[in-house]
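To keep things clear, I will list the structure first and then write my remarks on it.
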Amino acid sequence: MGLLRRRRTPPASAGTPTGHMRNALHLVLAGDLAGAELALAEAARLDSSSADVYMALANLYRARGEIGRAIQIHQNVLLRPELEEAVRREALLGLALDFRAGGFLRRAQSSFEELLEVEPGNLRALREIERIKIETGDWEEAIRLRRKIGTRDPRSPAVLAHLWTGRARALLQAGDRAGGRRALKRALSYERGCAEAHLELGEDQLREGKPARAIEQWQRAIPLHPALGRVLLPRLAAAYQAAEDLLGFERLLRDRLEQYPEDLESAIWLAETIVRQGRVDEGLARLRVLLDRAPHFLPAYAALGRMSLEQGRESDALKVLEELLSRLPVARPRLRCKSCGTQDQELRWRCPQCGEWDSYE
């Protein structure tokens, strides 16, 4: 029985447009954008009628930050007579992304909308316009677009919860408390576990002079994200102080540390709360134990030094300062967007780089 041989398409010659395109792809993957540009330019020289070559070249220019050149190429492609519909849609998308990358938001939106006229369900265009609406504070339009995206994105309920929270925040800042409250309820109707909505509800209760209700809202939120303590603990401390219930705050912190024993922020707040209740030695000793466990955690040195000074223990504070200086310049741990890798010290609900919601870890 003879061996079955699969016929193969002959490889494109290195001197053909296809060969140069293939070479450009390999160069892009290798990170050599300058080499890829030369390969694509040679492919365009050999076959000036190929829209694919010019589209690839435009996308390369956008990746290199040469937005003007990318825009010019995409516009020239769109001016071609008898352009295939699929190529037209691709060029419209490319042009819109060029404008977006260059910060020309109105022109980007106009191009995305033009693409939606020929392809109403284009998911990329809908998401990009939604992103522009979020960045310009047009929450109502962002909500409308997200509803249009609907179940095609399984994260739509969570995104709608954030969008309604943004709408609520704008209403509350404008003095429309009733409208803001309704918007927050809508947010939680999409996702009960939206920590941002609980945070805003608590802020509203605290502004109204109801710290106990604010505490109730924030207690619901704090288990929802391990890093949420950075945002909520200062607010909870103020609310418990206003409610004259530091013991309640201490219990909350102890419970949180049982759930997240590596939460160093909560450990500092627990020590400070114990000191505020008059158990000074116990609180300072907790900070010492924390530093033995995490000697590079600089905020603990700052807290120990500050509390030592407040208690009139200047010599102890000086020792802490000496220890702190010996540890510099070690940086505080940062949060990272699991979608694009952007790092930040602040917990953000939406990554400012890629636009992804709830992506910080």
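The values are calculated or read from the model by the stated rules, or taken from the named source; none is laboratory data. Note that this is a predicted model, so its numbers are computed, not measured. Methodologically, a virtual Cβ is constructed for each residue, glycine included, from the backbone with ideal geometry; neighbour enumeration extends over all protein chains shown. The protein model used for the area step is the full one, side chains on, heavy atoms only, and it has no ligands, DNA or RNA in it. Shrake-Rupley method; radii C 1.70, N 1.55, O 1.52, S 1.80 Å.
Here are a few things to note about the model shown:
- Here the scattering of the stretch 184-286 is modelled by Debye summation over its C-alpha atoms, one equal scatterer each and no solvent; at q = 0.13, 0.17 Å⁻¹ the log10 of I(q)/I(0) is -0.46, -0.75.
- Candidate cross-link partners of residue 210 among the aspartates and glutamates, defined by an alpha-carbon separation under 16 Å and a same-chain spacing of 8 or more, comprise 200, 244, 245.
- Per residue, the solvent-accessible area of the stretch 133-178 (1.4 Å probe, heavy atoms of protein chains only, all protein chains present) comes to 49 Å².
- For the stretch 313-326, the Karplus equation 6.51 cos²θ - 1.76 cosθ + 1.60, evaluated at θ = phi - 60°, returns couplings of 9, 5, 5, 5, 4, 5, 5, 4, 4, 4, 5, 4, 4, 5 Hz by residue, with Gly and Pro reported as x.
- Our summary gives the stretch 167-278 a relative contact order of 16 percent, counting only alpha carbon pairs under 8 angstrom and 6 or more residues apart.
- Once the 1.4 Å probe is applied to the protein heavy atoms, the stretch 78-125 comes out at 57 Å² accessible per residue.
- Relative packing of peptides 283-289, 158-164 - highest average C-beta neighbours within 10 Å first: 158-164, 283-289
- Candidate cross-link partners of residue 148 among the lysines, defined by an alpha-carbon separation under 29 Å and a same-chain spacing of 8 or more, comprise 133, 185, 338.
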